[in-house]
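Remarks on the structure that follows.
The values are calculated or read from the model by the stated rules, or taken from the named source; none is laboratory data. Keep in mind that this is a model prediction, so the values were computed, not measured. In this analysis, Cβ positions are derived from the backbone assuming ideal geometry, glycine residues included, and neighbour counts consider all displayed protein chains. Each accessible area value is taken on the protein alone, full model and side chains, heavy atoms only, with ligands, DNA and RNA left out. Shrake-Rupley method; radii C 1.70, N 1.55, O 1.52, S 1.80 Å.
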Amino acid sequence: MAQQVKAVVARAKGAPVEVTTIVVPDPGPGEAVVRIQACGVCHTDLHYREGGINDEFPFLLGHEAAGIVETVGEGVTEVAPGDFVVLNWRAVCGQCRSCQRGRPQYCFNTHNAKQKMTLLDGTELSPALGIGAFAEKTLVAAGQCTKVDPSADPAVAGLLGCGVMAGIGAAINTGNVGRGDSVAVIGCGGVGGAAVLGSRLAGAAKIIAVDIDDRKLATARKLGATHTVNSTSTDAVEAIRELTGGNGADVVVEAVGRPETYKQAFYARDLAGTVVLVGVPTPEMQLELPLLDVFGRGGALKSSWYGDCLPSRDFPMLIDLYLQGRLDLGAFVSETIELDAVEQAFERMHHGDVLRSVVVL
């Protein structure tokens, strides 16, 4: 039987979000209903509210979540009722050419639940990143559920569902940061901070955090940065080169998603170094670089999709490290809030006052 639950919905571009009642159908084949325990307030949700993703309003917001599987549909074997799971927005298909080549982290045919959740009047909702987890319960594809150790705090575990995984993965999976490497991270919000943490986990010898906000730089220090650069008063490229013997960093993670910061990343890397773009640009942005410099500097220019993660591989491993005290995921939780405080959390996020506000249900 379909269920009625409370959820956060964005009805129109730029309009304040509201808590309303939605209808969650019983799971069909390959689907699961998850009772949400916690969901982070991510900048992507604000992009949805502002119409920056698409115009398929109304949106059911929230996607960075953890909870308990309540019911599953026909044919589901990955998870069972009662499992504690972290939700992900890239359920792999197992059949596309990337999956067939043994690269499921790049799956080209990821999927979501086929059924739609609705408002009480039957209006279909567009769930953010195919999840929609600012809700007491949500419907997802079973492959979007990754079972992890239930002793983890849901407010922390859910952050792996998006921003923290994107940053850690950008450093470890995409950038292949290794022991003794020098790393620079440009933009130290939630994703950039996670890239700092991932670089530390990978054994980087020097981690240079770059931002325009001293508060974020202070947090980056706590997460493992060995040096910080405020680029409002210091040339970021020159500072990174100076800190790396005049050479540039082995890996530079760009966590802003703007042409000007990407150029900084490009010129702040060492010869044959790697640039990783994990910041998300907007459609109108254009990048211009001398092709001779692209050739002459060598190395690799990469984009990181969701930290190039494979949830079934990475989520349990990172939760285990967190539970062992070796990965301070809790440092990203600035505050916990209730469902009706999401709009205010957007404001605090916009002003850089928090790394993550987390809705706890």
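Points worth noting:
- Val85 satisfies every condition listed in (1) assigned to a strand (DSSP E or B); (2) touching a helix residue (DSSP H, G or I) at 6+ places or on another chain (Cβ under 7 Å); (3) not basic (Lys, Arg) except (2).
- Conditions (1) small (Gly, Ala, Ser); (2) assigned to a helix (DSSP H, G or I); (3) closer than 22 Å to Gly169 by Cβ: number failed by Gly279: (2)
- The set of residues in region 301-311 being in contact with a strand residue (DSSP E or B) (Cβ under 6 Å, 6 or more places away or on another chain) and open to solvent by 30 Å² or more (accessible area, probe 1.4 Å) consists of Leu301, Lys302, Ser303.
- Residues (within 20 Å of the chain's Cα centre (by Cα), over 17 Å from Asn88 (Cα atoms) and in a loop (DSSP other than H, G, I, E, B)) located in region 33-72: Glu50, Gly51, Gly52, Ile53, Asn54
- Enumeration of residues in region 317-355 that are more than 22 Å from Leu61 (Cα to Cα) and either within 16 Å of the chain's Cα centre (by Cα) or assigned to a loop (DSSP other than H, G, I, E, B) (or both): Leu318, Ile319, Gln324, Gly325, Arg326, Leu327, Asp328, Leu329, Gly330, Ala331
- Residue among Asn176, Asn230, Asn247 that is under 29 Å from Arg90 (Cβ atoms) and surrounded by fewer than 17 Cβ atoms within 10 Å (Cβ to Cβ): Asn176
- Gly163 among the small types (Gly, Ala, Ser), open to solvent by 10 Å² or more (accessible area, probe 1.4 Å) and in contact (Cβ under 8 Å) with a residue 24 or more places away in the chain: no
- Qualifying residue in region 37-55 (condition: open to solvent by 50 Å² or more (accessible area, probe 1.4 Å), among the basic types (Lys, Arg) and touching a residue at least 40 places away in the same chain (Cβ under 8 Å)): no
- Residues satisfying the stated conditions in region 270-298, i.e. open to solvent by 80 Å² or more (accessible area, probe 1.4 Å) and among the aliphatic types (A, V, I, L, M): Leu271, Val280, Leu287, Leu291, Leu292
- Residue check, Cys99 crowded, with 16+ Cβ neighbours inside 10 Å, free of Cβ contacts under 8 Å to residues at least 12 places away in the same chain and not aromatic (Phe, Trp, Tyr): yes
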